[in-house]
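Notes for the one structure printed next.
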């Protein structure tokens, strides 16, 4: 089952997709359900199962083009993001990381938008290196502390696409990445959460990132240094994971360009194959078996 968070006018709601464009507005089926996906997950697996049973054979009552999509979880208790979780990304950056512990930082809700919503490219007077990062988002369903690796996937409600857009100049200002990973509306999360039972083993899937239709990343999740299970186990050592918590599993490296390639004006002079995003671009993150998260890129409309 695919679940979305959306808004129509001033109303926020949760929908269940019946095909790639049509969905059921859950408040019409279940007036007693809470209006947020995080709260539905807090009610436990039985609420999700109840929804799945009720939408069978339903043709839907709304289309995606009639609403605006919010991030899958608009206000998570926590969003944990991994750095340097693919060998190819480590190689291209020249950075080092621990072989024993995942390198983790946090993202704030204000930095994330939903599917088809515009990403804000920083004013070039502030920063010129604004990059895509296609990633797998893991959404926690069942809370837990000190979760064993072998039981970790039972705590996952589902998965989504994540574009962990990064402003490289600011990312390099400190060891914690900080503001460079949290510019307003710099990343995206969607289009929906695919429940874990339908997605299956994450290692059997791959992420593909396209910029203006050109493939820029393509890698199997089998190449991750730290698996979903290992990261859940690690995080739960420190605190009780909550329903709706999000884990962005890190991005692979950029695809290398063929011989004779001449970099364009917005290509990174340091990392072969990486093209910085600019206003007018369209970026897509696809995860096989799950869907495609797409966003236009516009100039940051706020004044300096």
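The values are calculated or read from the model by the stated rules, or taken from the named source; none is laboratory data. Nothing here was measured: the structure is a model prediction, and the numbers come from that model. Glycine gets a Cβ as well: all are built from the backbone with ideal geometry, and neighbour counts include every protein chain shown.
Only residues that are farther than 16 Å from residue 242 by Cα and in contact with a strand residue (DSSP E or B) (Cβ under 7 Å, 6 or more places away or on another chain) were counted across region 143-162, and they come to 3.
Residue under question is residue 12, and the condition is that it be in a strand (DSSP E or B) and either in contact with a strand residue (DSSP E or B) (Cβ under 6 Å, 6 or more places away or on another chain) or surrounded by fewer than 19 Cβ atoms within 10 Å (Cβ to Cβ) (or both); does it hold? Criteria met by residue 12.
Is one or more of the residues making up region 190-201 touching a residue at least 24 places away in the same chain (Cβ under 8 Å), crowded, with 20+ Cβ neighbours inside 10 Å and more than 22 Å from residue 74 (Cα to Cα)? Within region 190-201, none of the residues are touching a residue at least 24 places away in the same chain (Cβ under 8 Å), crowded, with 20+ Cβ neighbours inside 10 Å and more than 22 Å from residue 74 (Cα to Cα). Got a sec? Which of 179, 136 is farther than 15 Å from residue 78 by Cβ, in contact with a strand residue (DSSP E or B) (Cβ under 9 Å, 6 or more places away or on another chain) and surrounded by 23 or more Cβ atoms within 10 Å (Cβ to Cβ)? None of the others qualify; the one that does is 136. Could you list, in sequence order, all residues of region 243-253 that are modelled with pLDDT of 95 or more, in a loop (DSSP other than H, G, I, E, B) and closer than 21 Å to residue 181 by Cβ? 244, 245, 249, 250, 251, 252, listed by residue number. For region 62-70, state whether one or more residues are in a loop (DSSP other than H, G, I, E, B), in contact with a strand residue (DSSP E or B) (Cβ under 6 Å, 6 or more places away or on another chain) and farther than 24 Å from residue 295 by Cβ. No: zero hits.
Just to be sure before I move on: is residue 231 part of a helix (DSSP H, G or I), under 24 Å from residue 103 (Cβ atoms) and touching a strand residue (DSSP E or B) at 6+ places or on another chain (Cβ under 7 Å) in the structure I sent? Judged against the criteria, residue 231 is a match. The set of residues in region 275-303 being farther than 17 Å from residue 186 by Cα and in a loop (DSSP other than H, G, I, E, B) consists of 288, 289, 290.
Inspection of region 68-78 finds no residue satisfying the criterion of being modelled with pLDDT under 95 and surrounded by 14 or more Cβ atoms within 10 Å (Cβ to Cβ). For residue 271, the conditions (1) farther than 24 Å from residue 104 by Cβ; (2) modelled with pLDDT under 95 are fulfilled apart from (1).
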